[in-house]
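Visitor: My questions all concern the structure below.
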Amino acid sequence: MKTMDLNLKKHFSDLLFLPLGGANEIGMNVNLYHLDGKWLMVDCGVGFAYDIPGVDMMTADISFIKKHRHNLLGIVLTHIHEDHMGAVQYLWEELQVPVYATNFGANFLRTKLEEYKLDKVIPLHVINSNKPLDLHPFKIEFIGLTHSVPEMKALLIRTHRGNVLHTGDWKFDPDPVVGEVSEKEKIRELGDRGEITAVVCDSTNALSEGHSRSEGELYDSLKSLVEGRQSLVGVTTFASNIARIHTIARVARDCGRKIVLAGFSLHRLHEVGKKSGFFTENFEFISDREIKFFSKKEILVISTGCQGEPMAATRKIATDSHPTIKFTRGDLMIFSSKIIPGNEKKIFELFDELAKKQIDVMTEKDHFVHVSGHPSKDELNEMYQLARPKIAIPVHGEFLHTKAHCELAVSAGVGRVIQIENGLAVKIDHEDPANSAPIGFVKSGYFGVDGKQLLDLNSEVIRERKKLQNAGIIFISFAVNDSLALLSKINVAAVGSYDFKSDHEALEIIKKEISIFLKNKAKELDLNSGFGLRFLKKKKKKKSLQETKIISEIEKSLRSKTLKLVEEFMGKRPALEVAIHLVN
Ligand SMILES: [Zn+2]
Ligand SMILES: [Zn+2]
């Protein structure tokens, strides 16, 4: 299958769906739609990177659409989550197309673009969700769906070749606290009129039975945990979850506590939220420096870092390294969040730190402190009953989730269900839905966000870095004359590899082997006639080039010889570099 390349010429006038990221994973959503040679991108997100030294974030490989960027009409963002808009600042320069978001989405994105000095560069347009966005041949209507952030917009992408409902992340929640209730009626009407050809839909909770619980139910539960407590209370949650922060703030107010926000991203969200018309209730926020003026039972801290992030506020509180917020024995930290797969280790370390300090910990495992922002099976089923699409293409889930979602869509009566992969283009055929099918692959993959550079995760740099992490590096350098006689001592520097300080003998053996090697090499090249390498040069005419070539060959064979020796001492292979300075 992977060998089948997408033949774009053949499918020039077909409606295609092509995810470059987010199809077999939760994160890095980058979706493309194609028709009549034109492209539309929906979302541009990042994902967490694991086990890659120095790289915490990844983006999708967008080299395919970069080649077609002159036909890319724009990037439409469904909502503010990092897995949907977190890569704009990294990838936009390669695409240079307009970006569309809701008012809140644009306000949020702008603060991030300011950090990267891109706020004046990127053409960022605020959509009017009551007016279709016309990017011919795509006409996009916006349908509000509830999620754990406000202004999540599903897109109805209308074309002359059929219409696609791209759901984004959603749930059906009668009481979302902040943001809109899902516009089910709009979807029902479209379904009744048979207008939805395909649904491209969230699979995050496709393995969860029943219906997701409502955000509105959390207030009573959280209040019962905080009420009457004399200790300091902290609640850590996702910094983007305005509804949750709103609920926690209400609990604080109703329990007579002032609210302290701990963590940069919470302050940013609070500012952007206010600017966008949220946080209108009168909550009493105070700064962390003012804590000292109040007793413990008068304070509730909302902190970042519910995923165990090492630099975030909750970790600082747990390790007692926060400058102003001090938790002690008997205080309480509530994790109003879920454990995102992959973050278990960091989160359990955090639980452990808190437990060592006798701080009480409550999580969703033992108390009702969190609800998901994604649809469980009953909601997915309801979505298919409302939309009644001819085709379903589940995305936003690991393979296991999208597989379960496919099965659910089949049992919900969808005639054509397609399990997608990153880089796989699917033809959506509205006249003959059964004919909708995968038609070929384009290049896909991952790039790691490494400081200011984006690195291909299959690149030499990443391979070398992993090697260094695994076994360190040894540098060997010395000077020779053109007869390969040593002019300096042999320097051996081991960084994060072998402990030569405690094993002088090993160091001496290496140095001795190097001098023997050099003598033998000189004999082999017959350099002792007095002419040295210069003699070889004269013979070959290409002077310094030839000399450099011989030296680099000697470096190479010395490298592999020394590496074998080091491997005997270490029992593993570090990186090893040899630098020979030729002094004429
Ligand atoms: Zn998402
Ligand atoms: Zn989301």
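The values are calculated or read from the model by the stated rules, or taken from the named source; none is laboratory data. The structure displayed is predicted, hence computed values, not measured ones. For neighbour counting, all protein chains shown are included, and Cβ atoms are generated from backbone atoms with ideal geometry for every residue, glycine included. Side chains included, ligands, DNA and RNA excluded: accessible areas come from the protein's heavy atoms. Shrake-Rupley method; radii C 1.70, N 1.55, O 1.52, S 1.80 Å.
Visitor: Pairs only if they're at least six apart or on different chains, beta carbon under 6 angstrom, first in region 434-459 and on the phi < 0 side of the Ramachandran plot and crowded, with 16+ Cβ neighbours inside 10 Å, second of a type in the set (G, A, S) and not in a strand (DSSP E or B); list them, first residue then second.
Guide: Pairs that qualify, where the first residue is on the phi < 0 side of the Ramachandran plot and crowded, with 16+ Cβ neighbours inside 10 Å and the partner is of a type in the set (G, A, S) and not in a strand (DSSP E or B), are F441/G423; V442/G423; S444/G423; G448/A49; D450/G54.
Visitor: Which residue pairs have Cβ atoms closer than 6 Å, lie 6 or more positions apart in sequence or on different chains, and pair a first residue in region 40-57 that is closer than 15 Å to N458 by Cβ with a second residue that is crowded, with 24+ Cβ neighbours inside 10 Å?
Guide: If the second residue must be crowded, with 24+ Cβ neighbours inside 10 Å, the pairs left are A49/M58.
Visitor: Let me ask something additional. Given the criteria free of Cβ contacts under 8 Å to residues at least 60 places away in the same chain, open to solvent by less than 30 Å² (accessible area, probe 1.4 Å) and within 24 Å of G105 (Cα to Cα), does A312 qualify? Write out each step before concluding.
Guide: Values: free of Cβ contacts under 8 Å to residues at least 60 places away in the same chain: yes; open to solvent by less than 30 Å² (accessible area, probe 1.4 Å): yes; within 24 Å of G105 (Cα to Cα): yes.
Answer is yes for this residue.
Visitor: Okay, next question. Would you tally the residues in region 354-382 being within 16 Å of ligand 2 (Cβ to nearest atom), aliphatic (A, V, I, L, M) and in contact with a Phe, Trp or Tyr (Cβ under 8 Å, 6 or more places away or on another chain)?
Guide: Of the residues in region 354-382, 0 are within 16 Å of ligand 2 (Cβ to nearest atom), aliphatic (A, V, I, L, M) and in contact with a Phe, Trp or Tyr (Cβ under 8 Å, 6 or more places away or on another chain).
Visitor: Moving on. Could you tell me whether region 44-63 includes any residue that is open to solvent by less than 10 Å² (accessible area, probe 1.4 Å), touching a His at 6+ places or on another chain (Cβ under 8 Å) and modelled with pLDDT of 95 or more?
Guide: There is at least one residue in region 44-63 that is open to solvent by less than 10 Å² (accessible area, probe 1.4 Å), touching a His at 6+ places or on another chain (Cβ under 8 Å) and modelled with pLDDT of 95 or more.
Visitor: Provide a single number: the residues in region 188-232 that are more than 30 Å from L332 (Cβ to Cβ) and either within 16 Å of ligand 2 (Cβ to nearest atom) or in a helix (DSSP H, G or I) (or both). Step through it out loud before you land on a result.
Guide: First, the residues of region 188-232 that are more than 30 Å from L332 (Cβ to Cβ): 188-203, 206-207, 209.
Next, from what is left, pick out any that are either within 16 Å of ligand 2 (Cβ to nearest atom) or in a helix (DSSP H, G or I) (or both): 188-192, 200-203, 206.
Qualifying residue count, region 188-232: 10.
Visitor: Now, a different point. Regarding A392, is this residue out of contact with any Lys or Arg (no Cβ under 9 Å at 6 or more places or on another chain), open to solvent by less than 10 Å² (accessible area, probe 1.4 Å) and farther than 30 Å from I334 by Cβ? Before you say what the answer is, go through the steps one by one.
Guide: Numbers: out of contact with any Lys or Arg (no Cβ under 9 Å at 6 or more places or on another chain): no; open to solvent by less than 10 Å² (accessible area, probe 1.4 Å): yes; farther than 30 Å from I334 by Cβ: yes.
No.
Visitor: Mind telling me which of the residues I317, I339 ends up being away from ligand 2 (no atom under 16 Å from the Cβ), over 23 Å from D202 (Cβ atoms) and either open to solvent by 30 Å² or more (accessible area, probe 1.4 Å) or in contact (Cβ under 8 Å) with a residue 12 or more places away in the chain (or both)? Full working, then the answer.
Guide: Numbers: I339 fails: over 23 Å from D202 (Cβ atoms).
I317 is the lone residue from the list that is away from ligand 2 (no atom under 16 Å from the Cβ), over 23 Å from D202 (Cβ atoms) and either open to solvent by 30 Å² or more (accessible area, probe 1.4 Å) or in contact (Cβ under 8 Å) with a residue 12 or more places away in the chain (or both).
Visitor: Mind listing whichever residues of region 13-26 are surrounded by fewer than 24 Cβ atoms within 10 Å (Cβ to Cβ) and over 14 Å from T402 (Cβ atoms)? Steps first, answer last, please.
Guide: Taking region 13-26 first, the residues surrounded by fewer than 24 Cβ atoms within 10 Å (Cβ to Cβ) are 13-14, 16, 24-26.
Passing the criteria: S13, D14, L16.
Visitor: I would also like to ask the following. Does L350 qualify as being buried (at least 18 other Cβ atoms within 10 Å of the Cβ), closer than 29 Å to L225 by Cβ and among the hydrophobic types (A, V, I, L, M, F, W, C)? Explain how you work it out, then say what you get.
Guide: Working: buried (at least 18 other Cβ atoms within 10 Å of the Cβ): yes; closer than 29 Å to L225 by Cβ: yes; among the hydrophobic types (A, V, I, L, M, F, W, C): yes.
Taking the combined requirement at face value, the residue satisfies it.
Visitor: Another question about this same structure. Out of everything in region 21-59 that is of a type in the set (V, I, T) and within 14 Å of ligand 2 (Cβ to nearest atom), what residue ends up being farthest from D202 (Cα to Cα)?
Guide: Across region 21-59, the extreme among qualifying residues is V46.
Visitor: Turning to a different aspect of this structure: In region 11-65, how many residues are more than 23 Å from A437 (Cβ to Cβ) and among the acidic types (D, E)?
Guide: Looking only at that region, the number is 4.
Visitor: Before we move on, is A154 out of contact with any helix residue (DSSP H, G or I) (no Cβ under 7 Å at 6 or more places or on another chain), within 16 Å of ligand 2 (Cβ to nearest atom), under 30 Å from V369 (Cβ atoms) and of a type in the set (A, V, I, L, M)?
Guide: Working: out of contact with any helix residue (DSSP H, G or I) (no Cβ under 7 Å at 6 or more places or on another chain): yes; within 16 Å of ligand 2 (Cβ to nearest atom): yes; under 30 Å from V369 (Cβ atoms): yes; of a type in the set (A, V, I, L, M): yes.
So A154 fits the description; yes.
Visitor: Which ranges mark the helices (runs of 4 or more DSSP H) fully within region 501-584 that have 3 or more residues being touching a helix residue (DSSP H, G or I) at 6+ places or on another chain (Cβ under 7 Å), within 18 Å of S483 (Cα to Cα) and at pLDDT 90 or above? Quick ask: steps written out before the conclusion?
Guide: Details: elements: 504-525, 532-540, 543-570.
Fully inside region 501-584 and qualifying: 504-525.
Visitor: Sticking with this one: Within the bounds of region 107-123, is there any residue that is in a strand (DSSP E or B) and either away from ligand 2 (no atom under 16 Å from the Cβ) or more than 22 Å from V395 (Cα to Cα) (or both)?
Guide: Taking region 107-123 as the starting set, the residues that turn out to be in a strand (DSSP E or B) are none.
Checked region 107-123: no residue is in a strand (DSSP E or B) and either away from ligand 2 (no atom under 16 Å from the Cβ) or more than 22 Å from V395 (Cα to Cα) (or both).
Visitor: In region 25-59, which residue that is among the β-branched types (V, I, T) and assigned to a loop (DSSP other than H, G, I, E, B) is nearest to ligand 1 (Cβ to nearest atom)? Spell out how you get there, then give the answer.
Guide: Step one: list which residues in region 25-59 are among the β-branched types (V, I, T), which gives 26, 30, 42, 46, 52, 55, 59.
From the residues that got through so far, the ones that are assigned to a loop (DSSP other than H, G, I, E, B) too are 26, 52, 55.
Working: I26: 7, I52: 21, V55: 21 Å.
Here the residue is I26.
Visitor: When you go through (1) in a strand (DSSP E or B); (2) within 16 Å of ligand 1 (Cβ to nearest atom) one by one for L16, which number turns out not to apply?
Guide: Every condition holds for L16 apart from (2).
Visitor: Which of the residues belonging to region 257-273 are open to solvent by less than 50 Å² (accessible area, probe 1.4 Å) and either farther than 22 Å from M311 by Cα or among the hydrophobic types (A, V, I, L, M, F, W, C) (or both)?
Guide: Initial filter on region 257-273 (open to solvent by less than 50 Å² (accessible area, probe 1.4 Å)): 257-263, 265-266, 268-270, 272-273.
Residues satisfying the conditions are R257, K258, I259, V260, L261, A262, L266, L269, V272, G273.
Visitor: Sticking with this structure for a sec: Which residue is surrounded by the fewest Cβ atoms within 10 Å (Cβ to Cβ), if the candidates are limited to region 81-103 and must be in contact with a Gly (Cβ under 8 Å, 6 or more places away or on another chain) and over 18 Å from I140 (Cβ atoms)?
Guide: Looking at residues that are in contact with a Gly (Cβ under 8 Å, 6 or more places away or on another chain) and over 18 Å from I140 (Cβ atoms), I get E82.
Visitor: Which residue, of A387, A355, A404, is aliphatic (A, V, I, L, M), modelled with pLDDT of 95 or more and open to solvent by 50 Å² or more (accessible area, probe 1.4 Å)? Before the answer, list the steps.
Guide: Numbers: A387 fails: open to solvent by 50 Å² or more (accessible area, probe 1.4 Å); A404 fails: open to solvent by 50 Å² or more (accessible area, probe 1.4 Å).
Residue meeting the stated conditions: A355.
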